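Asks: Here it is: the structure, laid out below.
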Amino acid sequence: MEMHIALLPGDGIGPEVIAQAVKVVNAVGQKFGHTITFKEGLVGACAIDATGDPYPDATHEICAGSDAVLFGAIGDPKYDNDPKAKVRPEQGLLRMRQKLGLFANVRPTFTFPSLVHKSPLKLDRVDGVDLVFFRELTGGVYFGEPRGRNEQGTKAFDTNVYSKEEIVRLARMGFEAAQKRRKLLTCVDKANVMATSRLWRETVQELAPEYPDVKVEYEFVDAVAMRLIQWPKAYDVLITENLFGDILTDEASVISGSMGLMPSASLGSKVKLFEPIHGSYPQAAGKDIANPLGTVLSASMMFDYAFGLSEEAKLISDVVNLSLAEGVVTEDIAEGGKAYKTSEVGDWLAAKILS
Ligand code: IPM
Ligand code: MG
C-alpha cells in the first residue's frame, strides 16, 4: 500500500519520540512491502517562533494532503505562565482539529501486566482495565460563541453549544466501537443541570434502538469521575462532550500506571491524526530520555484506524509488549534496571520488527 504520512513533531520531546515512531513505521513498511513517504511540518511553539503562527497554512496543506498525521506534542513553559500572550501553541492545536474536521478523539486506557503495579489504584481495581473514551473534539465550550469579556473586563463568558448533528456523528462512532468490544456504552453528561447535556442524552436515547446489541448507560460526569477511580472495570466505551472528555481522559490515562504509554487517535474526516496522550515534557527535551512508547503505539493505531492494516498494528503492539517484558525501556519505567535511551528503544523495536 502507498501511505503518505505528515509528521508534526511539535515542541519539547516531540521530535525525539516522533523519530522513534518513524523508525518503527519504516520497519513495518519494509517488512510488509508498503511504500511510505513522510512530510514534516511545524506546529506549536516552534511554529510561533519560526512564523508567528502556531498552525501555519503550509503545515495545514501538508496535513490535508496526507492520509494520516503523526503528531508529537506541543507546549512551551514560556507561554504557560503568561495569560496575556496573544498567540499560544494550544490555539494551533484547536485550529488544526477544526480545519481537519477531527471531531472524534479516541483515547483508550488499558493495562500492561508489567506496569500495573505503578497504578495509583489498588491492583484488583485496575488489573485488566480496558476502556475507551470517544471525546467530541470540535464543538462545545472550546469553540462556542460568544466568548470573551464585557467592556469593563470585569466579567468573562464562554458558550457551550451542541447541535444534534454533532452529537449523532460522535455517538454513532461510540456505538459502532461498542459493538466490536464488550457492547456497553456509557453516555457521560450533566443532564440534571445543562441544556446541552439534555440534548446529548435525548439524542443518544433516540439512536439506541438502532444498536439493539449495545447496552447503554447514562451517567452524570461527576459520578463518572468518581467511579473511574473506584471501579474502572465498570466501563467499556464512553462518549462525551469536549470539556468533560478533556478532563476525564486525563484522569483515565493515569489509572493504568502507564500514562507515558497511552496512544490516541483523532478521527472524523479523510485525514486522521495520531498522538501520544502525554505532553511536551520540556524538562527532558533533547536529553534522549523520553519514553517513546506512547508515540509508537499511536503509530500502531494509525495502521489500524487509518489504513485498516490490523496485522501491522498488532506487530507494533507486540514488539512494544516484548520491550516491556525484556526491560528495554527508558528511565521512567526502568526501576533500577538498565535505563535505555529514547533512540535505543526505537532502534530495538525497529530491529525486532525486521527480525
Ligand atoms: C488535550 C489537551 C488540549 C485540550 C489543550 C492542549 C488545548 O489538553 O488534547 O487534551 O484541552 O484539548
Ligand atoms: Mg487534555
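Asks: I'm trying to understand the selection: among the residues of region 30-49, which are touching an Asp or Glu at 6+ places or on another chain (Cβ under 9 Å), in a helix (DSSP H, G or I) and not charged (D, E, K, R)?
Replies: PHE32, ALA45, CYS46, ALA47, ILE48 - these are the residues of region 30-49 that are touching an Asp or Glu at 6+ places or on another chain (Cβ under 9 Å), in a helix (DSSP H, G or I) and not charged (D, E, K, R).
Asks: Any idea which of LEU93, LEU102 is modelled with pLDDT of 95 or more, out of contact with any helix residue (DSSP H, G or I) (no Cβ under 7 Å at 6 or more places or on another chain), within 16 Å of ligand 2 (Cβ to nearest atom) and closer than 30 Å to GLY268 by Cα?
Replies: Working: LEU93 fails: modelled with pLDDT of 95 or more.
That would be LEU102, the only listed residue that is modelled with pLDDT of 95 or more, out of contact with any helix residue (DSSP H, G or I) (no Cβ under 7 Å at 6 or more places or on another chain), within 16 Å of ligand 2 (Cβ to nearest atom) and closer than 30 Å to GLY268 by Cα.
Asks: Could you list all residues from region 179-195 that are of a type outside the set (A, V, I, L, M, F, W, C) and open to solvent by 20 Å² or more (accessible area, probe 1.4 Å)? Steps first, please.
Replies: Step one: list which residues in region 179-195 are of a type outside the set (A, V, I, L, M, F, W, C), which gives 179-183, 186, 189-190, 192.
Hits for region 179-195 are GLN179, LYS180, ARG181, ARG182, LYS183, LYS190, ASN192.
Asks: Tell me yes or no: at least one residue of region 250-261 is under 14 Å from LEU170 (Cβ atoms), crowded, with 24+ Cβ neighbours inside 10 Å and under 13 Å from the mean Cα position of the chain (by Cα). Reasoning before the result, please.
Replies: The first filter runs over region 250-261 and keeps only residues under 14 Å from LEU170 (Cβ atoms), leaving none.
No: region 250-261 contains no residue that is under 14 Å from LEU170 (Cβ atoms), crowded, with 24+ Cβ neighbours inside 10 Å and under 13 Å from the mean Cα position of the chain (by Cα).
Asks: Another question, then. For GLN205, which of the numbered conditions (1) within 16 Å of ligand 2 (Cβ to nearest atom); (2) modelled with pLDDT of 95 or more; (3) open to solvent by 40 Å² or more (accessible area, probe 1.4 Å) fails to hold?
Replies: (1)
Asks: Go through (1) of a type in the set (D, E, K, R); (2) within 16 Å of ligand 1 (Cβ to nearest atom); (3) closer than 19 Å to VAL25 by Cβ; (4) open to solvent by 50 Å² or more (accessible area, probe 1.4 Å) for ASP304 and report which single condition fails.
Replies: (2)
Asks: For residues that are within 15 Å of ligand 2 (Cβ to nearest atom) and surrounded by 23 or more Cβ atoms within 10 Å (Cβ to Cβ), scanning just region 239-248, find the one that is nearest to the chain's Cα centre (by Cα).
Replies: Restricting attention to region 239-248, the residues satisfying the condition of being within 15 Å of ligand 2 (Cβ to nearest atom) are 240-248.
Among the residues that remain, those that are also surrounded by 23 or more Cβ atoms within 10 Å (Cβ to Cβ) are: 240-242, 244-245.
Numbers: THR240: 15, GLU241: 15, ASN242: 13, PHE244: 15, GLY245: 11 Å.
Going through the qualifying residues, I end up with GLY245.
Asks: Another question, then. Which number in (1) surrounded by 14 or more Cβ atoms within 10 Å (Cβ to Cβ); (2) within 25 Å of the chain's Cα centre (by Cα) marks the one condition that ARG198 misses?
Replies: The single condition ARG198 does not satisfy is (2).
Asks: A further question follows. Which numbered condition trips up VAL126, out of (1) away from ligand 1 (no atom under 16 Å from the Cβ); (2) of a type outside the set (Asp, Glu); (3) over 16 Å from LEU8 (Cα atoms); (4) open to solvent by 30 Å² or more (accessible area, probe 1.4 Å)?
Replies: Against the list (1) away from ligand 1 (no atom under 16 Å from the Cβ); (2) of a type outside the set (Asp, Glu); (3) over 16 Å from LEU8 (Cα atoms); (4) open to solvent by 30 Å² or more (accessible area, probe 1.4 Å), VAL126 comes up short only on (4).
Asks: If I ask for residues that are open to solvent by 10 Å² or more (accessible area, probe 1.4 Å) and on the phi < 0 side of the Ramachandran plot, which ones from region 24-40 would you list? Give the steps one after another, and end with the answer.
Replies: Step one: filter region 24-40 for residues open to solvent by 10 Å² or more (accessible area, probe 1.4 Å), giving 26, 30-40.
The answer is ASN26, GLN30, LYS31, PHE32, HIS34, THR35, ILE36, THR37, PHE38, LYS39, GLU40.
Asks: Oh, and also: Of everything in region 271-300, what is away from ligand 2 (no atom under 13 Å from the Cβ), open to solvent by 20 Å² or more (accessible area, probe 1.4 Å) and touching a residue at least 40 places away in the same chain (Cβ under 8 Å)? Give them in sequence order. Talk me through it step by step, then tell me what you get.
Replies: Filtering region 271-300 down to residues away from ligand 2 (no atom under 13 Å from the Cβ) leaves 271-274, 281-300.
Those still in the list that are open to solvent by 20 Å² or more (accessible area, probe 1.4 Å) too: 272, 281-283, 285-289.
LYS272, TYR281, PRO282, ALA285, GLY286, ASP288, ILE289 - these are the residues of region 271-300 that are away from ligand 2 (no atom under 13 Å from the Cβ), open to solvent by 20 Å² or more (accessible area, probe 1.4 Å) and touching a residue at least 40 places away in the same chain (Cβ under 8 Å).
Asks: Let me ask something additional. Give region 64-90 a look and list any residue that's under 13 Å from GLY44 (Cα atoms) and either modelled with pLDDT under 90 or within 16 Å of ligand 2 (Cβ to nearest atom) (or both), or say none. So that I can check it myself, show each step before the final result.
Replies: Filtering region 64-90 down to residues under 13 Å from GLY44 (Cα atoms) leaves 71-80, 87-90.
Correct list: PHE71, GLY72, ALA73, ILE74, GLY75, LYS78, TYR79, ASP80, ARG88, PRO89, GLU90.
Asks: Give me the pairs, please: first residue somewhere in region 178-197 and touching a residue at least 60 places away in the same chain (Cβ under 8 Å) and within 17 Å of PHE134 (Cβ to Cβ), second residue anywhere and surrounded by 15 or more Cβ atoms within 10 Å (Cβ to Cβ) and of a type in the set (Asp, Glu), beta-carbon distance under 9 Å, and either six or more positions apart or on two chains.
Replies: VAL188/GLU219; VAL188/GLU241
The values are calculated or read from the model by the stated rules, or taken from the named source; none is laboratory data. Fair warning: this is a prediction, and the values are worked out from it, not measured in the lab. Counting neighbours? That spans all protein chains shown, and the Cβs are built from the backbone with ideal geometry, glycine included. All accessible areas refer to the heavy atoms of the entire protein, side chains included, with ligands and DNA or RNA removed. Shrake-Rupley method; radii C 1.70, N 1.55, O 1.52, S 1.80 Å.
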